[in-house]
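What follows is a set of notes on a single structure, which appears directly below.
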Amino acid sequence: MKKSLIAAALAATFITGCSEPQTTKTEEQQLKVATAAVTQKAELGNFGVDLTARNEAVKPGDDFFMYASGTWYDNYVMPADKTRYGAFSGLAERSEGDVKAIIEEIAARKDLNAEEKLVADFYNAYMDTETLNKLGIAPIKPLLSEINDISSTDDLAKMFGKSWLTGNKAPLGGGMWFNRLDPNKYEMSLGAGGLGLPDRSYYLEDAERFVKTRTAYIAHIADMLEFAGVENTAERAQAIVDLETKIAQSHWPREKRRNRDLTLNQIERADLSTAYPDFNWDLYFAQTGYKVPQLNVSQPEPIKAMIELINQEDIAVWKDYLTYHAISGNAGLLSEDVFNTNFAFFGKELNGQQEPRLVGNVQ
């Protein structure tokens, strides 16, 4: 309807501009009605822009953001479950609300087809906090047992290879991306990872905020390990952070990771073991489910450094590392005590978010 009204208005304007002015009163009225209907559709202001957000005391040439949004910026109160907000946040929330309504309608029905039942069962199970609280970390005990059974670097390679599926971390990893030299094709991009904190700076810099975060991170890891019945949690948490610090030392800084030339290092899968030896790539890729005839190694030196760490660091520390990240990475699917402990660090301490964002969790 809206498109047809706009089309009618444009068509009328075009005709008026290209011919003699013979518009009748009825046609003028119709044009006014169509224009008014389009205008009434705007949610912000008269035409989709909220001009009341402006601060006209600021000159556009001095600070266009504060000119265009300064009044809104000075008066907006950030909700306790957010750390940022903008127009796209509002659009995302609306979309999530629409999806949530669809899911709840499906979940409330009984006459479901196979796909709808899958959605309903998943959603209802996720929202059943009473059952989740009774289970604790039981849903991931098979994963924790598999981690506990690790005894070799091949076992580590296998666990790292399926980290994308288990919600865990790995010092190296990647995913499918477009071939930068042939955008019509896809290829796997492989890089270094494995950090629990956002960036290498959190491990390597001694600014007060980084030191404070590292101290809180160690305490947080110890708390999370207790859910798995781990002993000597403070000592083992420190060892995990020490390991992640070694990983961070080998990561490229941001400016290097953004260099288009340094990060383009295509290689045939058959040549990977020769160029990056001492790691079981066959076992690793067998877990990913990807067929990888060719790939791009975005960070060559860090990948070699990760392989060296995998071979040199104590397997017991790697197992603790994987245990912690298995619990933390799946906290949103576990009991409220696990979720809240994880949120206390990653939500409040790290990002300043005061309350968790609960919208039915349709993401």
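Here, each number is a calculation from the coordinates, and none is a lab measurement. Predicted model only: the values in this text are computed from it and were never measured. No Cβ is skipped: glycine too gets one built from the backbone with ideal geometry, and neighbour counts run over all protein chains shown.
Starting from the Cα-Cα distance between Asp74 and Lys348, subtract it from 0.36 nm times their residue separation and give me the gain in nm to one decimal.
Length gained, Asp74 through Lys348: 96.3 nm.
Take the alpha carbon atoms of region 233-268, find their center, do the same for region 196-223, and report the distance between the two centers in whole angstrom.
Value for the Cα centre distance between the two parts: 15 Å.
Considering only C-alpha atoms, what is the centroid distance from region 274-304 to region 154-187, in Å?
Spelled out, the Cα-based centre of one part sits 8 Å from the other.
Quick check: pseudo-label points 7 Å beyond the Cα along Cα→Cβ at Lys212 and Ala87, how many nm apart are they?
If labels sit at Lys212 and Ala87, their model points lie 3.4 nm apart.
Contour minus end-to-end for Ser145 and Arg357, with contour as 0.36 nm per residue of separation and end-to-end as the Cα-Cα distance?
73.2 nm
For a quick protection proxy, order the peptides 256-265, 317-326 by their average other-Cβ count within 10 Å, most packed first.
Going by the mean number of other Cβ atoms within 10 Å, highest first, we get 317-326, 256-265.
Between Gln249 and Ile102, what length comes free when the chain is fully extended (0.36 nm per residue of separation minus the Cα-Cα distance, one decimal in nm)?
Result for the pair: 48.3 nm of gain on full extension.
Would you please give the FRET efficiency between Gln312 and Glu130, computed as 1/(1 + (r/R0)^6) with r the Cβ-Cβ distance and R0 = 51 Å, to the nearest 0.05?
Efficiency at R0 = 51 Å is approximately 0.65.
Run the helix sum for the chain: -39,500 (n - 2.57) per DSSP H stretch of 4+ residues, divided by residue count, reported at 222 nm to the nearest 500 deg cm²/dmol.
Mean residue ellipticity, 222 nm, calculated: -17000 deg cm²/dmol.
Antiparallel as a % of all DSSP beta bridges within the chain, to the nearest 5?
Among the beta bridges of the chain, antiparallel pairing accounts for roughly 80 percent.
I want to check the label-to-label distance for Lys117 and Gln266. Put each point 7 Å from Cα in the C-beta direction and report it in nm to one decimal.
The modelled label-to-label distance comes out at 4.7 nm.
Of the cross-linked pairs Lys246/Lys304; Lys134/Lys162; Lys246/Lys319; Lys212/Lys348; Lys246/Lys348, which ones have a Cα-Cα span greater than 24 Å in the structure shown?
Distance filter (> 24 Å) returns Lys134/Lys162; Lys246/Lys348.
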